[in-house]
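Structure record follows, encoded as structure tokens.
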Amino acid sequence: MSLSTYLARATWLNDAAPPAPLFGDLIPLPDALAPAAVLIAVTDSPEPGVILTRRPDHMRAHAGQIAFPGGKVDAGDASLTAAALREAQEEIALDPAQVRVIGTTDAYRTGSGFCITPVLGIIPPDLDLHPHAGEVADIFQVPLAFLLDPGNHQRLSGEWQGHQRTYYAIEWQNRIIWGATAGMLVNLAARLA
């Protein structure tokens, strides 16, 4: 499916009241959630892809996990979108001027205490991206069609901090995309269905 076809379905982006609440962590949440933002960077190509990163194994939190570029909102960030673009520049050297921001989508609440807002952006397909050695071990691209196909979404469960937790996972080329990243992709797939 072409990128323009996907985007034509995205009329709900930035809506004050999205159609219905979708999947978020199903465990008791902390009383206060810290704001965070990630960039869902989609390549403008005949077969659009999504840029993902793998966190280094030595990180204190989320070691080895697959994620979108992004992170906590800093006091100096003018908006959630500004935070996502700043983090993408820091983590993968993505120049914010190369991103055509489409809008934000469903916030995702995590049991680790964050309310993550995904920012959807379109980027040229041939950018030379470089991982920040301390934050990113690898940068790769997964076809958007694959990520949005419900047939690739596995719903799993396991115990975490004494609670039974349900989460999504998507396996692509021996990589497991799970947790918040997979949940945000499942939400996006539901919005574009």
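The values are calculated or read from the model by the stated rules, or taken from the named source; none is laboratory data. Treat the numbers as computed from the prediction; the structure is a model and nothing was measured. We place every Cβ from the backbone using ideal geometry, glycine too, and count neighbours over all the protein chains shown.
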* Structure fact -> Sole miss for ALA75 among (1) aliphatic (A, V, I, L, M); (2) more than 18 Å from ALA34 (Cα to Cα); (3) out of contact with any strand residue (DSSP E or B) (no Cβ under 6 Å at 6 or more places or on another chain) is condition (2)
* Restricting segment 65-79 to residues that are assigned to a loop (DSSP other than H, G, I, E, B) and either touching a helix residue (DSSP H, G or I) at 6+ places or on another chain (Cβ under 6 Å) or touching a residue at least 12 places away in the same chain (Cβ under 8 Å) (or both), the residue that is surrounded by the fewest Cβ atoms within 10 Å (Cβ to Cβ) -> ASP74
* Any idea which residue in segment 143-163 is modelled with the lowest pLDDT, counting only those that are assigned to a strand (DSSP E or B), of a type outside the set (Lys, Arg) and within 21 Å of ARG109 (Cβ to Cβ)? -> TRP160
* Asked: Which one of these is free of Cβ contacts under 8 Å to residues at least 40 places away in the same chain and surrounded by 20 or more Cβ atoms within 10 Å (Cβ to Cβ): ALA182, ALA169?
  -> ALA182
* Asked: Are there any pairs, at least 6 apart or on different chains, whose C-beta atoms fall under 9 Å, with the first in segment 84-102 and closer than 13 Å to ILE122 by Cα and the second of a type in the set (Lys, Arg), and if so, which?
  -> PRO96/ARG86
* Inspect all residues belonging to segment 164-186 and state whether any of them is more than 15 Å from GLY70 (Cβ to Cβ), modelled with pLDDT under 95 and in contact with a Pro (Cβ under 7 Å, 6 or more places away or on another chain). => no
* Taking LEU144, is it more than 23 Å from LYS72 (Cβ to Cβ), crowded, with 17+ Cβ neighbours inside 10 Å and in contact (Cβ under 8 Å) with a residue 60 or more places away in the chain? -> yes
* **Subset of segment 87-111 that is crowded, with 19+ Cβ neighbours inside 10 Å and polar (S, T, N, Q) - its residue that is nearest to ASP138 (Cα to Cα)** => THR110
